Amino acid sequence: MSLALQLGALALAATALSVVLRGQRPEFVLPLQLAAGVLLLLTALPVVRAEGERLFSSFQVLSVPAQVTAALCKGAAVCLVTRLCAAFCKDSGNEALAAALLFAGRVGTLLPALPLLEETLEIVRGFAG
């Protein structure tokens with residue numbers, strides 16, 4: 001069975017169980033969703049890791065500086081984690097918390113790129129003389 005089908009089946013099962021629990025035992029819905037999310041991520045992790053290694057080797061072949069690669073990966077990780085956590089907040093009814101988390105995630109996504117921006121400004125300053 002392909003990974004997409006496995007992940008889809010797991011997500012559908014967790015969703016169906018969440019719908020049933022929401023009416024009878026709503027206090028179990030969030031832990032179920034968190035557990036299903038962790039299981040989905042752990043299932044997908046080997047594929048994500050293999051693709052990430054392939055991407056890193058491509059960056060090395062292209063001689064992309066390690067600082068650029070690190071900033072890109074950190075920004076992507078912050079983005080993914082905050083989006084996932086915000087989705088859990090929104091699903092549990094905390095819209096304002098989800099919005100605040102998304103804003104913090106956007107700021108956090110930009111922070112790893114600040115050293116690159118400073119370096120770029122130094123290069124421009126060097127050209128300006």
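The values are calculated or read from the model by the stated rules, or taken from the named source; none is laboratory data. Values in this document were obtained by computation on a predicted structure and should not be read as measured data. Glycine also receives a Cβ, built like all others from the backbone with ideal geometry; neighbour counts cover every protein chain displayed.
Listed here are the residues, each with its yes/no results for (1) β-branched (Val, Ile, Thr); (2) outside the structural domain of residue 22 (by TED's automatic domain parsing); (3) at pLDDT 85 or above.
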site: 54; (1), (2), (3): no, no, yes
site: 75; (1), (2), (3): no, yes, yes
site: 78; (1), (2), (3): yes, yes, yes
site: 86; (1), (2), (3): no, yes, yes
site: 95; (1), (2), (3): no, yes, yes
site: 108; (1), (2), (3): no, yes, yes
site: 111; (1), (2), (3): no, yes, yes
site: 114; (1), (2), (3): no, yes, yes
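Can you tell me which residues in the stretch 37-56 are over 24 Å from residue 119 (Cβ atoms) and over 16 Å from the mean Cα position of the chain (by Cα)?
50, 53, 54
Residue 30 fails exactly one of the following numbered conditions: (1) of a type in the set (A, V, I, L, M, F, W, C); (2) within 22 Å of residue 93 (Cα to Cα); (3) free of Cβ contacts under 8 Å to residues at least 12 places away in the same chain. What is the number of that condition?
All conditions pass for residue 30, except number (3).
Looking at the stretch 19-33, is at least one residue surrounded by 12 or more Cβ atoms within 10 Å (Cβ to Cβ), under 17 Å from the mean Cα position of the chain (by Cα) and at pLDDT below 90?
The answer is yes, given that some residue of the stretch 19-33 is surrounded by 12 or more Cβ atoms within 10 Å (Cβ to Cβ), under 17 Å from the mean Cα position of the chain (by Cα) and at pLDDT below 90.
Just name the residue that is farthest from residue 34 (Cα to Cα) out of those in the stretch 85-129 that are of a type in the set (A, V, I, L, M) and surrounded by 15 or more Cβ atoms within 10 Å (Cβ to Cβ).
116
What are the residues in the stretch 65-79 that are hydrophobic (A, V, I, L, M, F, W, C) and surrounded by 14 or more Cβ atoms within 10 Å (Cβ to Cβ), if any?
Within the stretch 65-79, 68, 71, 72, 73, 78, 79 qualify.
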